[in-house]
1. With each label point set 7 Å from Cα along the Cα-Cβ vector, what nm distance links Ser26 and Val69?
2. Trypsin sites (Lys or Arg not before Pro), restricted to region 1-71: which are DSSP loop and have at most 16 other Cβ atoms within 10 Å?
3. Which GluC sites (Glu not before Pro) from region 1-93 combine a DSSP loop assignment with at most 15 other Cβ atoms within 10 Å?
4. Rounded if a/c is under 1.5, else prolate if a/b is larger than b/c, else oblate: which is region 1-143, with a ≥ b ≥ c the root eigenvalues of its Cα gyration tensor?
5. I'd like the distance between the alpha-carbon centres of region 78-120 and region 157-178, rounded to an integer number of Å.
Amino acid sequence: MNETLRSILSSRSVSSEDGIAHSLHSSISQEEGNFLQEIIRTARPQVSLEVGCAYGISSLFICEALREVNARKHIIIDPNQHSAWKGIGLANLRRAGYADLIDFHEALSYQYLSHLTEERATIDFAFIDGMHTFDYVLVDFFLVDKLLKPGGIVVLDDLLYPSIRSVCRYVLSNLRYTCVDPQSRELVPVIFLPASLPNPPDHPNYAALQKLEQDRIGEGHDATRHWTDHKPF
Ligand SMILES: C[S@@+](CC[C@H](N)C(=O)[O-])C[C@H]1O[C@@H](n2cnc3c(N)ncnc32)[C@H](O)[C@@H]1O
């Protein structure tokens, strides 16, 4: 594991460039980070995108795996990086040696994602962990969908939020996506289904990601807890 990330996870603290320490909060867990890395190692995206950087923990996990697969670029969008997060996410990414890989934008996701659609940019992978209300997440998903290449992957964080489960229900009912394992996780990997493919399991990413899920459940992940606590989607 990258030394910067290891030290943050063991101390549970981060520091700004002027050396002031802050306790770590709002970040994904190590388990989620490992899962994101497994998805990236499996799908080998060239260009990835992330909404919501905070102290940069998910970005550090993502960049570490992107390096291994020789990815070109990781686009990060967060309007509050220098206000709420004191620039610490970006500082961590620089300390970890990923300055050349990231393309950071201090902007609202719906504004910068719209700009990317105007530019006709394309991405292979997206992780959405920004504003967690239904409207924002749906708009993030809508715009990411416009950018995503066929066979691309979108991961939504915080599936415990009813707002995010509602987005998942909407996506799975109305858009050409399929979900690897809708019942068991806080993270939902959904795989883009190009119109030319009649059946999602035909896509090579589908089988590979399902195997990741099955391995995780086999390792003792509680596959039923979230299902029973919350309305399924
Ligand atoms: C839960 S935190 C992200 C945690 C981060 N992914 C990690 O694991 O370290 C949510 C982030 O979303 C950002 N955010 C809030 N509203 C946003 C918006 N409209 N567009 C993009 N990011 C937004 C916040 O500034 C915050 O950094």
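Bear in mind that the values in this text are calculations on the coordinates, not laboratory data. Just so it is clear, the model here is predicted, and its values are computed rather than measured. Counting neighbours? That spans all protein chains shown, and the Cβs are built from the backbone with ideal geometry, glycine included.
1. Modelled inter-label distance: 2.7 nm.
2. Those satisfying the criteria are Arg12.
3. Here the GluC sites (Glu not before Pro) that fit, given the DSSP loop and packing criteria, are Glu17.
4. oblate
5. 25 Å
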